[in-house]
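The values are calculated or read from the model by the stated rules, or taken from the named source; none is laboratory data. The model shown is predicted, which means the values in this text are computed figures rather than measured ones. As a convention, Cβ positions derive from the backbone with ideal geometry for all residues, glycine included, and neighbour counts pool all protein chains shown. These accessible areas exclude ligands, DNA and RNA; they are computed on the full protein's heavy atoms, side chains included. Shrake-Rupley method; radii C 1.70, N 1.55, O 1.52, S 1.80 Å.
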Amino acid sequence: IGGIEGPVCDAYTYTDTELFCTAIYDAPELISHIMDCTCAFSEHVARVFAAHTRVPLMFMGEDIAGKTGPIFSPAFIRTEGLPRWRRILSPLREKGIRFLFHTDGRYGELLPIILDEFGADGLNPIERNGCNDIFHIHREWPRTILFGNVCCAVTLPCGTPDDVEDETLEIIERIGPDGGILIGSSSEVHDLVPYENAVRMYRTVKEYGVYPIDVDRIRERRKELAEVKKGAR
């Protein structure tokens, strides 16, 4: 949505987001100007992309949520975000390009705004670990493209390769048959993720994620993994 840097007073130095949020109330005209500038840039990028790409999907990053929920109110998003997002979306829709909306954190009450009011075609990422339930999102918005969500906070960095495989298989089993799932990390494959875990995730998708999805085979493999876990206790 935008951001500015610098100290506000001698006693305290605000982060970019804190300063931006403070300025929403103290200097709304400045916020509007900043958002107009960033929107104009993004709109230009979208127009050039739409005119020259053969890629059927464009990604836009707007970190509007944290782990506890939305950073900005629904009213602010509707008033200040939606009109500008629609300007960015317009040249993509003209070319039939799908639009993937990005924010980290828990979508919460912003999810209907992003998917129903704005009309984003997909979400990236879908943070797990108490933030979002990808299976609930899929039930409520079955046509939405979902990117994720093998947990990059717990399973990928701290779990065993078998843990990673089981979590990956669950996503293929429960969403894969319907399509619209791009399986990967719930945010990123960061430096704390062991090589073996990342490789197991990708190999699992390659082996079990080919259509038509063999759900029975996946369930049998998940039973085997459960027995291995039980025996390791």
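Here are the numbers:
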read-out	value
Positive-end residue, region 4-128 charge dipole about Cα centroid, Cβ charges, pick of Pro91, Leu30, Thr17	Pro91
Mean separation of Cα contacts under 8 Å, 6 or more apart, over the residue count of the chain: relative contact order %	14 percent
Under 21 Å from Lys206, Cα to Cα: lysines that are on another chain or at least 8 residues apart	Lys223
Within the chain: Cβ-based charge dipole about Cα centre, in debye rounded to nearest 20 (Lys, Arg +1; Asp, Glu -1)	880 debye
Candidate residues Phe49, Phe99: accessible-area rank, largest first, probe 1.4 Å	Phe49, Phe99
Farthest toward positive dipole pole in the chain [+1 Lys/Arg, -1 Asp/Glu at C-beta], among Val48, Leu192, Pro142	Pro142
About the Cα centre, charge dipole magnitude for region 29-93 (Lys/Arg +1, Asp/Glu -1 at Cβ), debye	340 debye
From the coordinates shown, Cα extents along the principal axes in Å corresponds to which of [x] 66, 38, 27; [y] 62, 49, 29; [z] 46, 42, 40	[y]
Per-residue [θ]222 nm for the chain (sum of -39500 (n - 2.57) over DSSP H runs n ≥ 4, rounded to 500)	-14500 deg cm²/dmol
All aspartates and glutamates inside 15 Å of Lys67 as judged from Cα atoms, apart from same-chain residues fewer than 8 positions distant	Asp104, Glu109, Glu127, Asp133
Charge sum, other residues only, whose C-beta stays under 13 Å from Ile218's C-beta, Lys/Arg counted +1 and Asp/Glu -1	-4
Packing rank of 124-136, 164-176, 59-71, where each peptide gets the mean count of other beta carbons within 10 Å, highest leading	164-176, 124-136, 59-71
